[in-house]
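Taking it in order: structure first as structure tokens, then the write-up.
The values are calculated or read from the model by the stated rules, or taken from the named source; none is laboratory data. Since the model is a prediction, treat every value here as computed from it, not as a measurement. Neighbour counts run over all protein chains shown; Cβ positions are idealised from the backbone, glycine included. Areas reflect the complete protein model, heavy atoms only, side chains present, ligands, DNA and RNA absent. Shrake-Rupley method; radii C 1.70, N 1.55, O 1.52, S 1.80 Å.
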Amino acid sequence: METEGRADESSSSQRDPPQNTGSYEFSLTPQDSRPTEDSQPAEKSVPIEEAIVVDRKAIEKLTEGLLSHYLPDLYSSKQALLELNQNQVILLDTLDQEVTKFRECNSLLDLNSLFTEAKFYHGKLLNIRKDMIMLHEKTTKLKKRALKLQQQRQKEVMEKEQQREKELERERQLIAKPAQRT
């Protein structure tokens with residue numbers, strides 16, 4: 001089994017060059033290895049109970065190497081994400097401003113329609129006012145005419161009354177009066 005571990009190590013070292021040069025022996029335990037198409041399923045494999053001893057310094061060096069390999073990329077990714085977040089915040093603020101501008105434009109359109117409507121109704125009110133003034137003048141003329149007609153009728157009635165009285169007086173005068181004996 002150790003030969004397989006070393007064979008795996010040599011094949012992996014051919015694929016990825018090691019960061020730190022040194023003689024570190026590292027192999028996977030059977031539980032850590034993943035089955036390939038050629039290997040048997042996990043239920044049929046026979047567990048090996050031998051423990052692999054790895055030096056603590058080797059673990060630290062491997063950890064340092066792994067971190068030194070991936071940390072610069074992670075930091076640059078973090079910076080890129082922070083910059084992206086800042087750009088998104090700026091974009092959201094800009095979109096909010098644009099939405100506000102559109103709302104103001106819509107409210108201006110509403111104001112324009114309100115002013116147009118107010119102008120229309122103002123014209124109607126002026127027409128109604130003209131009509132009311134005209135009707136007031138007509139009613140005033142009609143009242144004056146009615147008063148004149150009433151005065152004329154009263155005058156006619158009085159003249160007829162006076163005429164009748166004159167006729168009655170005339171008739172009385174025309175009626176023979178018996179002469180008085182003296």
Seminar exercise, completed: Selection over segment 121-134 where residues are of a type outside the set (D, E, K, R) and either open to solvent by less than 100 Å² (accessible area, probe 1.4 Å) or not in a helix (DSSP H, G or I) (or both) yields a count of 6
Exercise. Which residue out of 36, 29, 3 is modelled with pLDDT under 90, loosely packed, with under 10 Cβ neighbours inside 10 Å, out of contact with any Pro (no Cβ under 7 Å at 6 or more places or on another chain) and not in a helix (DSSP H, G or I)?
Worked result: 36
